[in-house]
Amino acid sequence: MKCPHCQGEVTINHEFCPHCGQRITLAFDQIAQSVHVDAAYRRGRQVEQALRYMIVALIFSAAVITGFNHLWDRELEFGGADLPAPEAPPADLGETASLVQPYRDTFKPPQAPPSPPQAFAHRFLPLRDQIRSRNGARPEVADAIDNALRFLVRSQEKDGFWDVDVPALRVDKARDESFHFKWGKVGVTALCVMAFLGEGHAWFPDPKGQVSKYGSNVQRAVRWLTSIQDSVNGRFGPPEGNFMYNHGLATIALSEAAGMSGDLNLRKAAQLGVNLIERTQGPSGGWGYKDQVSERQDTSVTSWQVQALLAAREAGLKVNPEVLAKALAYYQEATDAKTGVVMYDFTDRQVRPDLYGVALMIRLYLEEPPSTPEIRLLARKSVEYLPVVKKDWGRSWREGKVAGVDDNDRALNFDPYRWYFASHGLFFYGGEPWSTYQQSLQRAVLGLQDADGAWRANDIWSVKAGINYSTALCVLTLQAFHRIQ
């Protein structure tokens, strides 16, 4: 209990406080309260002591259980057997197949659909030469193209265009028809631009930051093409002759230039050209010679309009897919499914070997599957007219110069127009037809190039359009190995 004077601890039997010495007088209630406090203290001490014993017992039990588990889970040790185990008899596996077997792919993923032609990715070094070589081009192809481009640089006019120059072909003067086809310089210039662009030669830097030595030549030609465009109608060049040839070719050249350079002015000019092509498509899906909707359409002039639309589409310009679908239907209608004969127009059903390649190339470019019966037939027909070269047809050739040389035979076989379409169509078709054709193609085209780099064809089209036309077309033909993928 507590002393009422100094609050020191005092037992009940003390009369005086041992701390302060004063007399302690306690009431009964005080004594009872002290007894309750002491009893509570003792109970607390007992509980505390019991908890200590329980904790010690739990620790001991945990130690016993842990030790028991350790002994129970311990891995057994093998001390060896008294007797050796009997050997199992070998299993009879039978005859084992040889591992030297041909590979068989048991997983056949679905065949991817054919991709449309891609033109702008394979024109710069070193990718251009790698792809050209991988596709089977001989090393001389690159040299032949370089020599031809040097010739075209020399024959370019100061204003930037390439003229219709037939006398340089060395054909008989009586066969010179250029006076009727002077309007064709627009198309000839476009072909020359395409030949330079196909080799990656342009006025802007290539992916490595270098500008071609022919950059100024290409720039002058492109500027000339844009300068002769009708800003309202969109037509390239004057309305003379069969000028939709001019227009289609110029639209191709400027679409490629726009796609490769990104120049906004070129994109605008090319789009105007595309718009004119789309609004002049005939009811059957083809085009005629003039910039108007006509019942008269032919597969030759139509081919250049389709190429222009495809080049523009790849350059990111706006092209109506329904126009392309109608063009494909037009070529399908113009082709005889049984014979493969392609009509020049729906009134002319005579066999023209160049149109086999025209229809093959354009129908493939419009994404018709190469497995269709008509495409396979057109490929076979194209291979029937392999390029040919004979002695005295090449360097220093001149019409009537060498006795015994059949110049007419040369004119029928040396046909850059036919070779251009057949080479591109068969390249995209692939397989054995292309392998067969390209061997004859390289032999003929390389063998017919003259010493100055030009090709002097004397076919019915070259005597109208001239030496720049035949040379540019031969360059484009050799570019089939890399220009379109």
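Which residues, taken from the stretch 402-423, are in contact with a Leu (Cβ under 8 Å, 6 or more places away or on another chain) and assigned to a helix (DSSP H, G or I)?
Passing the criteria: Pro416, Tyr417, Trp419, Tyr420, Phe421, Ala422, Ser423.
Exactly one of these conditions fails for Gly234: (1) assigned to a loop (DSSP other than H, G, I, E, B); (2) at pLDDT 95 or above; (3) in contact with a strand residue (DSSP E or B) (Cβ under 8 Å, 6 or more places away or on another chain). Give me its number.
Going through the list (1) assigned to a loop (DSSP other than H, G, I, E, B); (2) at pLDDT 95 or above; (3) in contact with a strand residue (DSSP E or B) (Cβ under 8 Å, 6 or more places away or on another chain), Gly234 breaks only (3).
For the subset of the stretch 376-411 comprising residues that are farther than 30 Å from Gly431 by Cβ and among the aliphatic types (A, V, I, L, M), which member is surrounded by the fewest Cβ atoms within 10 Å (Cβ to Cβ)?
If we take residues in the stretch 376-411 being farther than 30 Å from Gly431 by Cβ and among the aliphatic types (A, V, I, L, M), then Ala403 is surrounded by the fewest Cβ atoms within 10 Å (Cβ to Cβ).
Quick check, is Lys390 part of a loop (DSSP other than H, G, I, E, B), at negative phi and more than 32 Å from the chain's Cα centre (by Cα)?
It is true that Lys390 is part of a loop (DSSP other than H, G, I, E, B), at negative phi and more than 32 Å from the chain's Cα centre (by Cα).
Could you tell me whether Tyr365 is over 25 Å from Gln438 (Cα atoms) and crowded, with 20+ Cβ neighbours inside 10 Å?
No.
Hey, among Gly259, Gly248, which residue is at pLDDT below 95, closer than 22 Å to His424 by Cα, surrounded by 17 or more Cβ atoms within 10 Å (Cβ to Cβ) and not hydroxyl-bearing (Ser, Thr, Tyr)?
Answer to the check: Gly259.
Run down Gln307, Gln292 and say which single residue is modelled with pLDDT of 95 or more and not hydroxyl-bearing (Ser, Thr, Tyr).
Step by step, each of Gln307, Gln292 is checked, and only Gln307 is modelled with pLDDT of 95 or more and not hydroxyl-bearing (Ser, Thr, Tyr).
If Thr372 satisfies all but one of (1) surrounded by fewer than 22 Cβ atoms within 10 Å (Cβ to Cβ); (2) β-branched (Val, Ile, Thr); (3) modelled with pLDDT of 95 or more; (4) closer than 23 Å to Val232 by Cα, what's the number of the condition it fails?
Condition not satisfied by Thr372: (4).
Would it be correct to say that Asp291 is touching a strand residue (DSSP E or B) at 6+ places or on another chain (Cβ under 6 Å) and either farther than 30 Å from Val341 by Cα or in contact (Cβ under 8 Å) with a residue 24 or more places away in the chain (or both)?
It is false that Asp291 is touching a strand residue (DSSP E or B) at 6+ places or on another chain (Cβ under 6 Å) and either farther than 30 Å from Val341 by Cα or in contact (Cβ under 8 Å) with a residue 24 or more places away in the chain (or both).
State whether one or more residues within the stretch 398-410 are among the hydrophobic types (A, V, I, L, M, F, W, C) and at pLDDT 95 or above.
Looking through the stretch 398-410, none of the residues is among the hydrophobic types (A, V, I, L, M, F, W, C) and at pLDDT 95 or above.
Considering only residues of the stretch 168-213 that are among the small types (Gly, Ala, Ser) and outside any loop (DSSP other than H, G, I, E, B), which is nearest to Ala454 (Cα to Cα)?
Ala168
Looking at the stretch 177-214 only, could you name the residues that are over 26 Å from Ile228 (Cα atoms) and crowded, with 16+ Cβ neighbours inside 10 Å?
Residue satisfying the conditions is Asp206 alone.
The values are calculated or read from the model by the stated rules, or taken from the named source; none is laboratory data. All values reported here derive from a predicted model rather than from experimental measurement. For neighbour counting, all protein chains shown are included, and Cβ atoms are generated from backbone atoms with ideal geometry for every residue, glycine included.
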